[in-house]
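The values are calculated or read from the model by the stated rules, or taken from the named source; none is laboratory data. As the structure is a computational prediction, the values presented were derived from the model and not from experiment. Note: ideal-geometry Cβ built from the backbone for every residue, glycine included; neighbour counts use all protein chains shown.
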Amino acid sequence: MSEDTQRPAAPAEPADAVTTPDAHTEPAANPGAPKPAEGDSDRWSQTLRDIVGGSAAISVLAVFLALVVGAILIAFTDENVQKASVYLFARPADMFAAVWDSVSGAYSALFQGSIYNFRRPGFAAGIRPLTETLTFATPLIAAGLGVGLAFRVGMFNIGGRGQMLIAAASAGWVAFALDLPAGIHLIVAVLAGLVGGALWGGIVGLLKARTGAHEVIVTIMLNFVALYLVSYLLRTPGLLQEPGSSNPQTPPMKPTAVFPDLLGPTYNLHAGFLTVVAATIFVWWLLSRSNLGFQFRAVGENPNAAQVAGINVKSVYVSAMLISGGLVGLAGINQVLGTVTTGFGAGIDANIGFDAITVALLGRSRPWGIFFAGVLFGAFKAGGFSMQAAEGVPIDIVLVVQSLIVLFIAAPPLVRAIFRLPTPGTKSKSRLNVTKEVAAR
Amino acid sequence: MSTITQAVQPSQGHPALPSVVLRSWKAAIALSIFAVAALFIFIGLRQGAPGAVSTFQLSQSRDIIQLPDLVLPTFATTLVCAILLVAMAAWSVWITARSARVPLWLIVAFAVVFMVGFLTWAAAGSTIPVPGLFVGTVTLSVPLIFGALGGVISERAGVVNVAIEGQLLAGAFSSAVVASITGNPYLGLVAAAIAGVLVSFVLAAFSIKYLVDQVIVGVVLNVLVIGLTSFFFSQLLSPNAALLNTPDRFPRINIPLLSEIPILGPALFRQTFIVYFMYVAVAVVYFGLFHTKWGLRLRSVGEHPKAADTVGINVNGTRFWNVSLAGAIVGFGGAFFTLGSVGAFNKEMTAGLGFIALAAVIFGQWDPLKATLAALLFGFASNLQNVLSIIGSPVPSEFMLMLPYVVTIFAVAGLVGRSRPPAADGKPYIK
């Protein structure tokens, strides 16, 4: 995912310690510091061991393990499997056939719903699921970036729901209530949403900096405040409610403020995806190239040390939460200006604020890691719906698989133990002894 | 600040440094804001006709001791309350200016007067059932209190427990299933504890053995439990609801004499078994944590694991089993959803209450009694909204719903301030 995960034996960079379990696990799993490789053959075998036992392989195996557990759950709860299991010993083949049917059916539906649908004629129709995946991934990535950024500063932003709602309400209001020329309208709406999300997040940073209020409490509370505030606005005529309607819903967004379709009207993918790509690049630049990002990481690593080093920790908290809230707000903007343009209700956040936490964890709070984690989870979401429709497997299985992936990835020693993989950075014992003997002579 | 003054030894011949005064204006500012808000609400947004009265019903019809209804003239009462509030806020400012701490009782008194004034204002021309208000408060607080107790134990032992939500949900699910199959709610309660422990096992194993960041494990466990229970609900419970999802609820047990205490009796002593069990749990956890060897060891591994290890306490073992115990306690709270109140399991039925319980832990400064009080406060606030929406509240119901959360933010920012977790909370111990 990111460059340091490829080389787990290398000393972890400081910011790792906050969120990356590897930084904690390495000292335990690998008490002896890795020595530089002594010879060519050693180096090669070392490289091989790193690839087999390293993070990339762990990630793949974690996904595999999670899918296996999901398969077991699907098979266990399938009606045909249950029927066949009654006469398991009489005709075991029936049982296995039923298991295979249920699992392969579910997972092929998942694949066809998220990446490529072979049942549709032609590439243009077959590839549609992949664009659906990207559409679902768009808000996940944006919110994941916000949560991940807060993680890097050592803060836990559970307030995604509130920040998304406020951003959606601000952007939505600009989009349906104002009349502006095309282009400018969209930009103003996006800016309004960003400001809304940033302010809602900034309250948290300000309270933490000024009064020491714990951000976990404040974000949770602000989620509820935002929910009820937006609910009130949505059912009050003249504010967000559609005129002449009694539903708690806004009017449709004006076409001038809607993200244009990226690939034409047959696909749902909209230009919001580009904003998310831009946001990923921005966060990457911010964290690894900018002065402010350095301060963020320093505070995240050790606020006391950062304070001593002359960093204004309080202002870092405020600015980090402003940016984090703005990024999460971008998810809300994408929802109202891209995905649900026909007017939205109080459920517009679609639980993305919480999903984003797992996205940020899976991406290990690295911008590009979050990007790909968001795409993966977007694929699960897109595929999950078609799995539910085609095979009757509840979409909740997707949550199970997602959380298992994060759990397994967070605990590399567990995955290594399950697959009996070597620990990278260590050598097999016999080889170590031989080298010692050679060295002794 | 005290460290500075201690470090200066008079014997060294330094001139005495002017003592640094640590003045905290937060409490005074918070009280002032609320006093101004009270003035604005009570007088500016005056409710009811000029002669309106607010009635407080103090007894339920089945009570043996019947208290007469308390009838207060709305405007006069709110006016008195507002004046009292302004006076108390002014006093807190004066206290702070004289560099003293605003005493806790003043804050409590302020809150009570504010509440009385607010209720009188909201109930202009109608009746508030006070016993009902308290009954609902206790009922709504039960899962929060169990969750907060579990959170306190786990975090005192040094393992951050964000998985309270998951433990509650797992407890609710398994208690519904087991109680439905066996027809015995007590077995359901046991099953809930076991489910909570299982979630805790994962939390403990990943955070203690595999040294994964504990917040991460907690968050992911919540998602995992939501996914698992929702999946099983859709696949198994819904199609077989009669067999798997119709648990018997606990019967209501009235405790003789105590349940006849006016006003508070019905709330505290006309409850189900699980509520009485909660009283015991709160007392036992409080006593155990601060007055037994078990509690001392638990707190020591959470505050200074190295020191605990030096005197021969098995740090990781202590943590593991206490996190499991915490899971069992939270599991009981989960059983309340299905066996105490609703009567059947439903998808995501805990609805984020685990996070409110987590807030209660932090609000209660990792102290079982304070956390219980914080949980009761949340329960009161959400029940207040129910009651006011029934009698028809003068403000939009959304703002009533918002109020507890806003008050919590103010309380956390203004009154509690920087809450200090156990020193080794969230830090894995590596020998």
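Structure notes:
- Some residue of the stretch B:228-236 being among the β-branched types (Val, Ile, Thr) and either crowded, with 21+ Cβ neighbours inside 10 Å or within 8 Å of chain A (Cβ to nearest Cβ) (or both): yes
- Of the criteria (1) without any contact (Cβ under 8 Å) to a residue 40 or more places away in the chain; (2) within 14 Å of another protein chain (Cβ to nearest Cβ); (3) closer than 20 Å to residue A:78 by Cα, which one residue B:220 fails: (3)
- Of the residues making up the stretch B:397-415, not a single one is crowded, with 17+ Cβ neighbours inside 10 Å and either within 30 Å of residue B:308 (Cα to Cα) or at pLDDT 85 or above (or both).
- The one condition in (1) touching a residue at least 24 places away in the same chain (Cβ under 8 Å); (2) away from every other protein chain (no Cβ under 13 Å) that residue A:225 fails to fulfil: (2)
- Qualifying residue in the stretch A:249-256 (condition: more than 30 Å from residue B:382 (Cβ to Cβ) and in contact with an Asp or Glu (Cβ under 6 Å, 6 or more places away or on another chain)): yes
- Candidate set: the stretch A:110-140, residues that are aromatic (Phe, Trp, Tyr) and farther than 19 Å from residue A:352 by Cβ; chosen: the one surrounded by the most Cβ atoms within 10 Å (Cβ to Cβ): A:111
- Residue satisfying condition, being in contact with a helix residue (DSSP H, G or I) (Cβ under 7 Å, 6 or more places away or on another chain) and surrounded by fewer than 17 Cβ atoms within 10 Å (Cβ to Cβ), within set A:274, A:263: A:263
- From the list B:132, B:150, B:136, B:125, the one residue that fits, being within 25 Å of residue B:382 (Cβ to Cβ) and at pLDDT 90 or above, is B:150.
- Tabulated pairs, the stretch A:105-124, first closer than 24 Å to residue A:70 by Cα, second acidic (Asp, Glu), C-beta under 8 angstrom, 6+ apart or interchain: A:105/A:391; A:106/A:391; A:109/A:391; A:113/A:132; A:114/A:132
- Helices (runs of 4 or more DSSP H) within the stretch B:318-431 that include 3 or more residues closer than 21 Å to residue B:228 by Cβ: B:353-363
- Tally of residues being within 8 Å of chain B (Cβ to nearest Cβ) and surrounded by fewer than 22 Cβ atoms within 10 Å (Cβ to Cβ) across the stretch A:191-210: 1
- Test: residue A:164 is crowded, with 24+ Cβ neighbours inside 10 Å and modelled with pLDDT under 95: no
- Residue match in the stretch B:263-281 (condition: part of a loop (DSSP other than H, G, I, E, B), surrounded by 15 or more Cβ atoms within 10 Å (Cβ to Cβ) and assigned by TED's automatic domain parsing to the domain that holds residue B:165): yes
- Taking the criterion of being surrounded by fewer than 19 Cβ atoms within 10 Å (Cβ to Cβ) and either acidic (Asp, Glu) or within 14 Å of another protein chain (Cβ to nearest Cβ) (or both), the residues of the stretch B:237-249 that qualify are B:238, B:239, B:240, B:243, B:248.
- If you go through the stretch A:356-407 and keep only what is polar (S, T, N, Q) and crowded, with 23+ Cβ neighbours inside 10 Å, you end up with A:358, A:365, A:402, A:403.
- Residue identified as more than 30 Å from residue B:239 (Cβ to Cβ), more than 10 Å from chain A (Cβ to nearest Cβ) and either out of contact with any strand residue (DSSP E or B) (no Cβ under 7 Å at 6 or more places or on another chain) or of a type in the set (Lys, Arg) (or both) among B:423, B:411: B:423
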